[in-house]
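So the structure is just underneath, and the comments pick up after that.
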Amino acid sequence: MLSFLSTEGSSASAAGLQRRVEEQDGYLLDAYSQTVTGVAARVSAAVVHLKVQKPQPRQRRGQPSPDGRDASGTGSGFIISSDGFVVTNSHVVNGATAIEASLPDGRIFQASVVGDDAATDIAVVKIDAGNLASIAFGESDRLRVGQIAIAIGNPFGFQYSLTAGVVSALGRTLRSQNGRLIDDVIQTDAALNPGNSGGPLVDSFGNVIGVNTAVILPAQGLCFAVASNLAKFVVGKLILEGRVRRGYIGIAAQTVPLPPKWTQTLELPTKGGIQIQSVEADGPANNSGLLAGDIIVQFEGRPIDSIDDLHKALDETTIGRKVNLWVLRSGSLKSIAVTPGEMR
């Protein structure tokens, strides 16, 4: 005897499952919305719109002379203390003749630069006010690729705009305006536009995980923020000392590959080095006996095969302290002691 299975019950079960899936999707979407709107409510009062006046660039010969008025620009910032310390980008406020900070509640304050660090594109300004809403730095070393990232700022001068996305990548590097590499950079697809610079990138708890700094203009969804752990260190230095101290040795140099015969014969742990092109008169390098043509291959026992490696090595702990360099000169290794000065 043949028996036939009815599909009526299975169809009903499938329909019920589909409804449950749709309800679950709706719940998840609503949870995401609640997260973003909750963050917006928590941090919005601490995000400021910066209107910055800077001297107009000098006109080239033959062009009309400037009218004497300063050029204006806009950026973003966020308040980190109730007494008015505001974090933003160095490129937003560097060289400013006047800074006007507008809060979301309509209040406007004049701001002054406490300190700026072009090497990390971080600056701190101060507004004369009290009992202000503020937001805190989070721990960027705990971030995971794929977690929610929310950017808040003032793109194109439109006060207070929010975009949401995810952390796309961690540990990126970005070239700052003074040529140094910013090492600890977060990549996100939360949309950034001109005017977002200096605004906060926050996590789902409203903690600052980065300071928005740059966007790759021809690309889509390639936006960058200085990670909060680096920003927090720099901000502390700027508030306490007005600057971040770094060493320098006074050379112009370029990265060069080393011939295999040298690396093998001299047992060098690197395939490249930094060839000195010129030595600054009366600089630390000149006073130590370094010469144009020397190739630096080690700094305090560590291999050095790029300008960026040298920049990283010359931190504030090297200022005024003799450090040992190994250089290649005329096919042989030579040890030279240099006392780095402080970069101004």
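The values are calculated or read from the model by the stated rules, or taken from the named source; none is laboratory data. Treat the numbers as computed from the prediction; the structure is a model and nothing was measured. FYI the Cβ positions are ideal-geometry reconstructions off the backbone, even for glycines, and counts take in every protein chain you see.
Which of the residues spanning region 102-149 are among the β-branched types (Val, Ile, Thr) and in a loop (DSSP other than H, G, I, E, B)? Passing the criteria: Thr120, Ile135, Val145.
Within region 310-344, count every residue that is under 15 Å from Ala253 (Cβ atoms) and of a type in the set (Asp, Glu). The qualifying residues number 0.
Answer yes or no: is there a residue in region 276-298 that is free of Cβ contacts under 8 Å to residues at least 24 places away in the same chain and either within 28 Å of the chain's Cα centre (by Cα) or part of a strand (DSSP E or B) (or both). No, region 276-298 contains no residue that is free of Cβ contacts under 8 Å to residues at least 24 places away in the same chain and either within 28 Å of the chain's Cα centre (by Cα) or part of a strand (DSSP E or B) (or both). Within region 112-151, if we keep just the residues that are more than 21 Å from Gly206 (Cα to Cα) and among the hydroxyl-bearing types (Ser, Thr, Tyr), the residue that is surrounded by the most Cβ atoms within 10 Å (Cβ to Cβ) turns out to be Thr120. Among residues of region 299-308 being of a type outside the set (Asp, Glu) and surrounded by 20 or more Cβ atoms within 10 Å (Cβ to Cβ), the one that is nearest to the chain's Cα centre (by Cα) is Ile304. Report every pair of residues separated by at least 6 positions or lying on different chains whose Cβ atoms are under 6 Å apart, first residue within region 308-334 and within 24 Å of Glu267 (Cβ to Cβ), second among the hydroxyl-bearing types (Ser, Thr, Tyr) and not in a strand (DSSP E or B). From residues that are within 24 Å of Glu267 (Cβ to Cβ), there are no pairs.
Condition check: more than 29 Å from Arg302 (Cα to Cα) and among the small types (Gly, Ala, Ser). Does Gly206 satisfy that? Taking the combined requirement at face value, the residue satisfies it. Checking each residue in region 231-267 for being aliphatic (A, V, I, L, M), assigned to a helix (DSSP H, G or I) and surrounded by fewer than 19 Cβ atoms within 10 Å (Cβ to Cβ) picks out Ile239, Leu240. If you go through region 309-331 and keep only what is more than 15 Å from Pro257 (Cα to Cα), of a type outside the set (S, T, N, Q) and either under 26 Å from the mean Cα position of the chain (by Cα) or not assigned by TED's automatic domain parsing to the domain that holds Pro257 (or both), you end up with Leu310, His311, Lys312, Ala313, Leu314, Asp315, Glu316, Ile319. Taken together, Ser81, Ser140, Ser90, Ser102 contain a single residue that is touching a residue at least 40 places away in the same chain (Cβ under 8 Å) and in contact with a His (Cβ under 8 Å, 6 or more places away or on another chain), which is Ser102.
Scan region 328-344 for residues that are touching a Ser or Thr at 6+ places or on another chain (Cβ under 8 Å) and either part of a strand (DSSP E or B) or of a type in the set (Ser, Thr, Tyr) (or both) and the total you get is 4.
Taken over region 283-307, residues that are of a type in the set (A, V, I, L, M) and under 15 Å from Thr339 (Cβ atoms) amount to 2. Please state which of the following conditions Ile216 fails to meet, knowing it meets all the rest: (1) under 27 Å from Gly38 (Cα atoms); (2) over 11 Å from the mean Cα position of the chain (by Cα). That leaves (1) as the condition not met. For region 159-177, state whether one or more residues are in a helix (DSSP H, G or I), within 22 Å of Asp121 (Cα to Cα) and either more than 17 Å from the chain's Cα centre (by Cα) or modelled with pLDDT of 90 or more (or both). Taking every residue of region 159-177 in turn, none turns out to be in a helix (DSSP H, G or I), within 22 Å of Asp121 (Cα to Cα) and either more than 17 Å from the chain's Cα centre (by Cα) or modelled with pLDDT of 90 or more (or both). Screening Ile295 with (1) buried (at least 17 other Cβ atoms within 10 Å of the Cβ); (2) under 19 Å from Gly179 (Cβ atoms); (3) among the aliphatic types (A, V, I, L, M) gives one miss only, at (2).
Being of a type outside the set (A, V, I, L, M) and touching a Phe, Trp or Tyr at 6+ places or on another chain (Cβ under 8 Å) is true for just one of Lys334, Lys312, Lys271. Which residue is that? Sole residue among the options that is of a type outside the set (A, V, I, L, M) and touching a Phe, Trp or Tyr at 6+ places or on another chain (Cβ under 8 Å): Lys334.
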